[in-house]
Amino acid sequence: PLASPLQATLEQCRSVPPAFIATAQYDPLRDEGAAYAEKLRDAGVPAKYKCYDGLIHGFMGMAKAIEPAGLALEEAARELKAGLNASN
């Protein structure tokens, strides 16, 4: 489950913090990301999932070169900040 979170049991998933899972339209892991978000929800974990149209796997590393990737990185940062603020 550490290398492939989708392989975790529902019981293992229950200990996972709230999650924001981002994939890309042309991401070989897109379906797995969506399935993992659903599995977390099934385990009672708040999980948001978003697939970014027109982008490829690794897009967040291209945030300075590709505007939609930069916007996605900003959204992920907002989700992280919200999650950290909610835990206080």
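Each part gets one Cα centre, and for the stretch 4-26 versus the stretch 35-64 those centres are 9 Å apart. Tell me the angle of helix 30-42 to the major Cα principal axis of the chain, expressed in degrees between 0 and 90 and rounded to the nearest ten. So the inclination is approximately 40 degrees. Given +1 at the Cβ of Lys and Arg, -1 at the Cβ of Asp and Glu and no other charges, the dipole of the chain around its Cα centre is 240 debye to the nearest 20. A P(r) calculated from all alpha carbon pairs of the chain, with 10 Å bins opening at zero, reads 18, 43, 33, 6, 0 percent.
Taking the mean number of other Cβ atoms within 10 Å as a proxy for protection, how do you rank 35-45, 9-19 from highest to lowest?
Order by mean packing, descending: 35-45, 9-19.
Put simply, the amide H of residue 19, placed in the peptide plane, has neighbours under 5 Å in 47, 48, leaving out anything fewer than 5 places away on its chain. What the phi angles of the stretch 76-82 give under the Karplus curve with 6.51, -1.76 and 1.60, with θ = phi - 60°, is a coupling list of 4, 5, 4, 5, 4, 4, 4 Hz, glycine and proline written as x. Note on the chain: with neighbouring protein chains present and a 1.4 Å probe, carbon and sulfur make up 59 percent of its accessible heavy-atom surface.
The values are calculated or read from the model by the stated rules, or taken from the named source; none is laboratory data. Nothing here was measured: the structure is a model prediction, and the numbers come from that model. As a convention, Cβ positions derive from the backbone with ideal geometry for all residues, glycine included, and neighbour counts pool all protein chains shown. We work out accessible area using only protein heavy atoms, side chains counted, and drop any ligands, DNA or RNA first. Shrake-Rupley method; radii C 1.70, N 1.55, O 1.52, S 1.80 Å.
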